[in-house]
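Structure first, then comments.
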Amino acid sequence: MDFALSEEQQMIFDMAYDFGQEKIAPFAAQWEEEESIPKSLWPEIAALGFGGLYVSEEHGGSGLSRLDATLVFEALAMACPAVGSFLSIHNMCGGMIDKFGSAETKAKWLPDLCTMDKVFSYALTEPGSGSDASALRTKADKTNEGYSLNGTKAFISGGGYSDAYIVMARTGDDGPKGISSVVVEAGTEGLSFGALEKKMGWRAQPTAQVQFDDCKIPADNLIGEEGKGFNYAMAGLDGGRLNISASALGGAQNALNIALNYMGERKAFGKTIDQFQALQFRVADMEIELQAARTFLRQAAWKLDTGAPDAGKFCAMAKRFVTDTAFDVANDSLQMLGGYGYLTDYGVEKIVRDLRVHQILEGTNEIMRMITARALLQERDRG
């Protein structure tokens, strides 16, 4: 078993890291204040092949593995977790279309998605259905031309900002088998947005409710088959959980790096504080936890890439462990800086705020425990 990155994988990580440090990190605080990411950034990211990470090459993507993708998101999140995570949502949409869409659907959406001439968002959560996603109420009624959508989506990253939305809507009876997946383009009549949400973190990402009022779309905006949308969404979430975990890991690594540099400069009682054993032990524990999280994440990504039967369980377990660990490391890094950690100038408080939501989205960490427990019981009962 080889735990080392290949030369190509190291190049992917380095390329993403260098881009993040040059094009994202110097502006992260400004974008947070403005509550928006310049759209001019996305074609630059796409030029590196990051607009369609696991879209097949024949449709303009990079055809990378899920493990490769985690390297990109970890590296970009070391510059800003909010930007890296937003890119992960766009890529989750691309992966869904590439995996489940017809040839016509792929040809219609993937070229602009991969160049990021069109930025995609993902709309599943509703005001009354978060963890219980299969209870969603947004309806897509059939018309002569296609579908008419009515309903509301909540907490949508890119709401009012993105160019297209993959929407989970009910085309049939109650329950998961009545849900389909459709694309709604910005500017479609009947599509509107609420005010921007005021958030603890991820402020650079515009987040808003998405409203559908007799919003008519053509029939060929359906992804795959009617009634399969919930399955598509859950399959997409396995990869999404890995990406969100990787972004949390990158943010936490950056926080630890800041704390380590501070320890070498800050003096107390006549010496730099990195000479105190209590603090040495503390950063040692933080490093151990991050390395354990990184190994776990990459194992889960490998299982998803190889189609292992327990891949879903491992994605859930890794998401719970990595995002909890990353938040704790970031929070401990802030503590290492004392009062300075609480100031925006050092950047750690932003990382702490950004990483908190990673424990909530793509399925809360309580849901991750539930998925894991169910898998354990099923394994027991199978003998």
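Summary of values
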item	result
Residue count for the stretch 97-109, restricted to those that are surrounded by fewer than 24 Cβ atoms within 10 Å (Cβ to Cβ) and either hydrophobic (A, V, I, L, M, F, W, C) or in the same structural domain as Leu149 (by TED's automatic domain parsing) (or both)	3
Positions within the stretch 85-105 being in a helix (DSSP H, G or I) and over 16 Å from Phe120 (Cβ atoms), in sequence order	Ala103, Glu104
Search result, residues across the stretch 111-160 that are aromatic (Phe, Trp, Tyr) and either farther than 30 Å from Leu48 by Cβ or buried (at least 21 other Cβ atoms within 10 Å of the Cβ) (or both)	Phe120, Tyr122, Tyr147
Some residue of the stretch 358-369 being of a type in the set (Lys, Arg), assigned by TED's automatic domain parsing to the domain that holds Ser247, surrounded by 13 or more Cβ atoms within 10 Å (Cβ to Cβ) and touching a Phe, Trp or Tyr at 6+ places or on another chain (Cβ under 8 Å)	no
Subset of the stretch 46-63 that is hydrophobic (A, V, I, L, M, F, W, C) and more than 25 Å from Ala326 (Cα to Cα) - its residue that is surrounded by the most Cβ atoms within 10 Å (Cβ to Cβ)	Val55
Counted residues, the stretch 31-77 - those being within 19 Å of the chain's Cα centre (by Cα), farther than 17 Å from Asp98 by Cα and of a type in the set (Gly, Ala, Ser)	3
Subset of the stretch 189-228 (residues that are in contact with a Leu (Cβ under 9 Å, 6 or more places away or on another chain), outside any loop (DSSP other than H, G, I, E, B) and either at pLDDT below 95 or not acidic (Asp, Glu) (or both))	Leu191, Thr207, Ala208, Val210, Gln211, Phe212, Cys215, Lys216, Ile217
Enumeration of residues in the stretch 165-182 that are part of a strand (DSSP E or B) and either in contact with a Phe, Trp or Tyr (Cβ under 8 Å, 6 or more places away or on another chain) or assigned by TED's automatic domain parsing to the domain that holds Gly95 (or both)	Tyr165, Ile166, Val167, Met168, Ala169, Ile179, Ser181, Val182
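The values are calculated or read from the model by the stated rules, or taken from the named source; none is laboratory data. All figures in this text were calculated on a predicted structure; none of them were measured in a lab. Don't worry about glycine lacking a Cβ; one is built from the backbone with ideal geometry, like all the others, and counts go over all protein chains shown.
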